[in-house]
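Enquirer: Here it is, the structure, as structure tokens.
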Amino acid sequence: MRRWLLVGIGLAVLLAGWQPAPKEPEGLALVRVLGVDGAGPVVLTAVCGGEDQEGDLSRGQCAGTDFEKALEGLPWSGKEELSLTSVSYLIVGRDVELEHILLAALRNEELGASASVWLAEDGAAALLADCEDPATGLELLARQGIEAPTVVEALAALYSGDGLGLPLLTGMGDGLMLVDWEEWREFV
């Protein structure tokens, strides 16, 4: 009896550490990259994909009077329903109201605070349109040691007045390339 108890505890410990890779629920595409352009109207560009999504590169695009309105319509803007629960990368254009977007992302139950924030040299929609799988490209940049601030870190930097440096991206063939780091300022 004691031996079975030890085996059962051992199995429970092993199984507790095992986590399956995220899979798409039936009929949902998990958005990994969210692009934001404009201060009003706001255009959102959503792209699925990445190494953990087995080649699903679903896309969607939606516009709204502000970030929240555009976000409301985004799930139904693609060929399948888009879920924002897996957004890892937030790419912004120079013409956005960054503080407003970061606050809205923190308040949104799906988006949250852990997505990294990147700056698109020629606009997020244009950058994402030219890149086949931006999530994989951004994962590669992260493995190379390029650490973009998270939503929380970016907002803290804006509020502290210390300055916010964002990695500036441009398209390179069907991939992404880091141009430089750029100090954020309201470009509008």
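Enquirer: Looking only at the stretch 132-188, which residues are open to solvent by less than 30 Å² (accessible area, probe 1.4 Å) and touching a Gly at 6+ places or on another chain (Cβ under 6 Å)?
Expert: Once the filter is applied, which keeps residues that are open to solvent by less than 30 Å² (accessible area, probe 1.4 Å) and touching a Gly at 6+ places or on another chain (Cβ under 6 Å), the stretch 132-188 yields Ala135, Gly137, Gly175, Leu176.
Enquirer: If a residue must be open to solvent by less than 20 Å² (accessible area, probe 1.4 Å) and of a type outside the set (A, V, I, L, M, F, W, C), how many such residues does the stretch 119-131 contain?
Expert: Going through the stretch 119-131 one residue at a time, the tally reaches 1.
Enquirer: Please go through the stretch 71-103 and give me each residue that is open to solvent by 10 Å² or more (accessible area, probe 1.4 Å), of a type in the set (A, V, I, L, M) and over 14 Å from the mean Cα position of the chain (by Cα), ordered by number.
Expert: Leu103
Residues are listed down the side, and each one gets a yes or a no for (1) more than 13 Å from Thr45 (Cα to Cα); (2) among the acidic types (Asp, Glu); (3) not in a strand (DSSP E or B):
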position	(1), (2), (3)
Leu57	no, no, yes
Leu82	no, no, no
Leu106	yes, no, yes
Glu110	yes, yes, yes
Ser114	yes, no, yes
Ala125	no, no, yes
Glu139	yes, yes, yes
Leu155	yes, no, yes
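Enquirer: Quick test of your reading of the structure: Ile9 fulfils all but one of (1) of a type in the set (Val, Ile, Thr); (2) out of contact with any Pro (no Cβ under 8 Å at 6 or more places or on another chain); (3) at pLDDT 75 or above. Name the failing condition by number.
Expert: (3)
Enquirer: Tell me which of these Asn108 doesn't satisfy, since it passes every other one: (1) without any contact (Cβ under 8 Å) to a residue 60 or more places away in the chain; (2) in contact with a Gly (Cβ under 8 Å, 6 or more places away or on another chain).
Expert: Single failed check for Asn108: (2).
Enquirer: Can you tell me which condition Ala113 does not meet? The list is (1) of a type in the set (A, V, I, L, M, F, W, C); (2) at pLDDT below 90; (3) more than 12 Å from the chain's Cα centre (by Cα), and all the others hold.
Expert: All conditions pass for Ala113, except number (3).
Enquirer: May I pose another question? Scan the stretch 136-160 and report the pairs whose first residue is farther than 23 Å from Glu97 by Cβ and of a type in the set (S, T, N, Q) and whose second residue is open to solvent by 40 Å² or more (accessible area, probe 1.4 Å) and in a helix (DSSP H, G or I), with Cβ atoms within less than 8 Å and a gap of 6+ or a chain change.
Expert: Sorted first by the residue in the stretch 136-160, then by its partner, the pairs are Thr136/Glu51.
Residue by residue, here is whether (1) at pLDDT 55 or above; (2) aromatic (Phe, Trp, Tyr); (3) part of a loop (DSSP other than H, G, I, E, B) holds:
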residue	(1), (2), (3)
Leu14	no, no, no
Ala21	no, no, yes
Pro25	no, no, yes
Ala29	yes, no, no
Gly40	yes, no, yes
Ala63	yes, no, no
Lys69	yes, no, no
Glu72	yes, no, no
Ser86	yes, no, yes
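The values are calculated or read from the model by the stated rules, or taken from the named source; none is laboratory data. Source: prediction; values computed, not measured. Don't worry about glycine lacking a Cβ; one is built from the backbone with ideal geometry, like all the others, and counts go over all protein chains shown. With ligands, DNA and RNA removed, areas are computed over all heavy atoms of the protein, side chains included. Shrake-Rupley method; radii C 1.70, N 1.55, O 1.52, S 1.80 Å.
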